[in-house]
Ligand code: ADP
Ligand code: MG
């Protein structure tokens with residue numbers, strides 16, 4: 001089994017219910033606090049709820065990504081809107097053990113993880129000792145972003 005971390009986000013419909021349902025479908029045994037965050041990358045849309053989930057998985061990285069996309073579809077996500085635009089649910093594979101993957105359609109650690117406080121903070125909450133491969137300790141990344149803010 002590999003320990004993986006998944007980012008959960010929602011800014012349409014029953015945001016909290018959707019995040020809790022997604023965490024349950026993931027079989028996550030630990031969910032961070034759910035926080036409200038300002039939209040990023042696309043203006044004029046409702047605020048998001050974001051959280052991170054920790055799970056132990058027997059799936060390979062690709063299989064886990066497929067599983068995430070399947071859960072998104074099951075929870076009513078459609079992909080006809082703009083990039084970074086409003087969505088019922090967004091599940092991102094943030095970390096898969098200490099593995100680094102750079103393939104078409106799958107990048108791990110998630111490509112925008114190290115620049116997003118709303119992803120780093122819930123990860124820190126779940127595991128303050130996490131090391132983000134290619135970037136560094138999660139606590140140091142958070143302090144770096146905070147000092148720029
Ligand atoms: P975003 O999460 O960046 O707002 P999407 O959820 O629409 O965008 O994801 C688009 C595609 O990103 C997915 O279909 C998937 O193939 C690809 N992708 C690459 N790496 C990852 C990852 N680590 N986690 C989730 N999706 C990923
Ligand atoms: Mg996504």
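Report whether or not residue 24 is more than 18 Å from residue 124 (Cβ to Cβ) and either away from ligand 2 (no atom under 15 Å from the Cβ) or assigned to a loop (DSSP other than H, G, I, E, B) (or both).
Against the criterion (more than 18 Å from residue 124 (Cβ to Cβ) and either away from ligand 2 (no atom under 15 Å from the Cβ) or assigned to a loop (DSSP other than H, G, I, E, B) (or both)), residue 24 qualifies.
Do you know which residues across the range 40-75 are within 14 Å of residue 9 (Cβ to Cβ), more than 14 Å from ligand 2 (Cβ to nearest atom) and out of contact with any helix residue (DSSP H, G or I) (no Cβ under 8 Å at 6 or more places or on another chain)?
Matches in the range 40-75: 45, 46, 47.
Tell me yes or no: at least one residue of the range 52-74 is in contact (Cβ under 8 Å) with a residue 40 or more places away in the chain, at positive phi and either more than 16 Å from the chain's Cα centre (by Cα) or not in a helix (DSSP H, G or I) (or both).
no
Here is a list: 131, 118. Which entry is away from ligand 2 (no atom under 16 Å from the Cβ) and within 22 Å of residue 30 (Cα to Cα)?
Of 131, 118, the one residue that is away from ligand 2 (no atom under 16 Å from the Cβ) and within 22 Å of residue 30 (Cα to Cα) is 131.
Those residues that are more than 11 Å from the chain's Cα centre (by Cα), at negative phi, in a loop (DSSP other than H, G, I, E, B) and within 8 Å of ligand 1 (Cβ to nearest atom), I need them from the range 75-110; list them, please.
Once the filter is applied, which keeps residues that are more than 11 Å from the chain's Cα centre (by Cα), at negative phi, in a loop (DSSP other than H, G, I, E, B) and within 8 Å of ligand 1 (Cβ to nearest atom), the range 75-110 yields 79, 83, 87.
Taking only pairs six or more apart or across chains, which ones have beta-carbon atoms under 6 Å, a first residue in the range 110-121 that is over 12 Å from residue 132 (Cβ atoms) and touching a residue at least 12 places away in the same chain (Cβ under 8 Å), and a second residue that is more than 8 Å from ligand 1 (Cβ to nearest atom) and assigned to a helix (DSSP H, G or I)?
Listed by first residue and then by second, the contacts come to 117/145.
We did not get these values from a lab; they are worked out from the coordinates using the rules stated. Note that the structure is a prediction, hence the values are computed from the model and not measured. Backbone-built Cβ (ideal geometry, glycine too); neighbour counts: all protein chains shown.
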